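Accompanying notes for the structure given below.
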Amino acid sequence: MKLEIEHLRKEYGEKVALHDFNITLEEGIYGILGPNGAGKSTLMNLLTDNLKRTSGNILVNGKEILSMGKEYRAMLGYVPQQQGFYEHFSAEGFLKYVGKLKGCSNAELKKQVPELLASLNLYEKRFEKIGSFSGGMKQRVLIAQSLLGNPKIIIMDEPTAGVDPQERIRIRNFISQIAENRIILVATHIVSDVESIAREILLMKNGRMQEKGTPSELMRKIQPYIYEIQIDSQQQKEVMETYLVSNVRQGIEGIKVKIITKVKPEQYPHMVAPANLEDVYLYYFEHKTSNPTSTNV
Ligand code: ADP
Ligand code: MG
């Protein structure tokens, strides 16, 4: 299966939220990583046809989604960014309701609803009102409904928003389990949500794709800029002001600071340090504003 996005553009009045966006997606998990306002939700709303595009094409196996109508809806699962949905429904009632809207048969729902509730650890609470659930449980209900009807394309907009770290891991593992034979897009601003599960990461900022690649490709690209320097406590303030700092740790011989810089930090004892995806995020999305004349990243 192939999902092609060609020259996709979205304007909200004067504001261009998405510029000339192009990518071809095949089966697997794609992480869309970017800060707030990057255009992630806009992209997702265009893909689910909840929003009218300004221009461009979206094709599934060569067919424009706008001409597919129901056929496309049946292929699609969507986890929206907002919660606050149908608080008075029970978890089971909500899944049945959404299933009906999606056109699932009663027989299908009878089988699939309990299965989904069980796999998302909601079975015991299936008769309880969604309004009484924690943020993480609500998020799991949203993920469960997206899978009704066994869609082949799943769009998840910040599926771990407002959940605790344990729940975050559970959700991540679940996404990874359901990825076979599906295209899954996960928008997030949390690196660890996608770093171990995504085949490719798209980095988005200001409505544009800044970079894309496998996690290791992205890390390799910035590896030349990653160092660990050793400093004492008097130097800490200056270092924090001068460099893009990815990590600080207390070593036996002093403070070790992992920095991202295009200029070798010769003035400190330094060594090359392994890049990780957090560093990639910082490199593309964080800037040192305190020292605009600096040649550091
Ligand atoms: P993200 O999901 O990455 O946080 P969004 O797609 O929500 O980003 O927003 C992208 C940009 O478009 C932001 O600058 C946002 O303020 C703007 N925007 C989003 N929705 C609207 C809207 N309905 N009207 C005007 N501007 C919008
Ligand atoms: Mg968003």
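Look at the alpha carbon pairs under 8 Å that are at least 6 residues apart: their mean separation over the length of region 244-285 gives a relative contact order of 36 percent. Rolling a 1.4 Å probe over the protein heavy atoms gives the chain an accessible area of 49 Å² per residue.
Over the residues of the chain, the helix contribution to mean residue ellipticity at 222 nm works out to -9000 deg cm²/dmol, using -39500 (n - 2.57) for each DSSP H run of at least 4. Above 22 Å, the calculated P(r) of region 170-284 contains 44 percent of its Cα-Cα pairs.
The Rg/Rh ratio for region 38-193, using Cα coordinates for both the radius of gyration and the Kirkwood hydrodynamic radius, is 0.95.
Over region 221-295, the Kirkwood radius and the radius of gyration, each from Cα atoms, give a ratio Rg/Rh of 0.93. Could you tell me how far the Cα centroid of region 1-72 sits from the Cα centroid of region 189-259, in Å? What the calculation gives is 29 Å, centre to centre. First check a/c for region 1-84, with a ≥ b ≥ c the square roots of the eigenvalues of its C-alpha gyration tensor; if it is under 1.5, answer rounded, and if not, answer prolate when a/b is larger than b/c or oblate otherwise. Because its axes are fairly even, with a/c under 1.5, region 1-84 counts as rounded.
Assuming a ≥ b ≥ c are the square roots of the Cα gyration tensor eigenvalues, decide whether region 122-224 counts as rounded (a/c under 1.5), prolate (otherwise, with a/b larger than b/c) or oblate. It comes out prolate by the Cα gyration axes. FRET efficiency for the pair Lys262 and Thr214, taken as 1/(1 + (r/R0)^6) with r the Cβ-Cβ distance and R0 = 22 Å, rounds to 0.45. With contacts taken as Cα pairs under 8 Å and at least 6 residues apart, the chain reaches a relative contact order of 20 percent. A Gaussian network model of the chain, with springs between Cα atoms under 10 Å, assigns the largest mean-square fluctuation among Ile153, Ile183, Ile252 to Ile252. Peptides 263-269, 117-123, ordered by how many other C-beta atoms sit within 10 Å of their residues on average, highest first, read 117-123, 263-269.
Probe radius 1.4 Å, ligands and nucleic acids ignored: give me the carbon and sulfur share of the accessible area of region 56-124 as a rounded percent. Summing carbon and sulfur atoms, their accessible area is 54 percent of the total for region 56-124.
Note on region 2-213: antiparallel DSSP beta bridges, both residues inside, total approximately 50 percent of the bridges counted.
Looking at the square roots a ≥ b ≥ c of the eigenvalues of the Cα gyration tensor of region 99-164, which shape do they give, rounded for a/c under 1.5, prolate if a/b is larger than b/c, or oblate? The shape class here is oblate.
Length, then width, then depth: along the principal axes, the Cα atoms of the chain run 70, 44, 34 Å.
The values are calculated or read from the model by the stated rules, or taken from the named source; none is laboratory data. Please read these numbers as outputs of a predicted model, since none were measured by experiment. As a convention, Cβ positions derive from the backbone with ideal geometry for all residues, glycine included, and neighbour counts pool all protein chains shown. The area values use the complete protein model at the heavy-atom level, side chains included, leaving out ligands, DNA and RNA. Shrake-Rupley method; radii C 1.70, N 1.55, O 1.52, S 1.80 Å.
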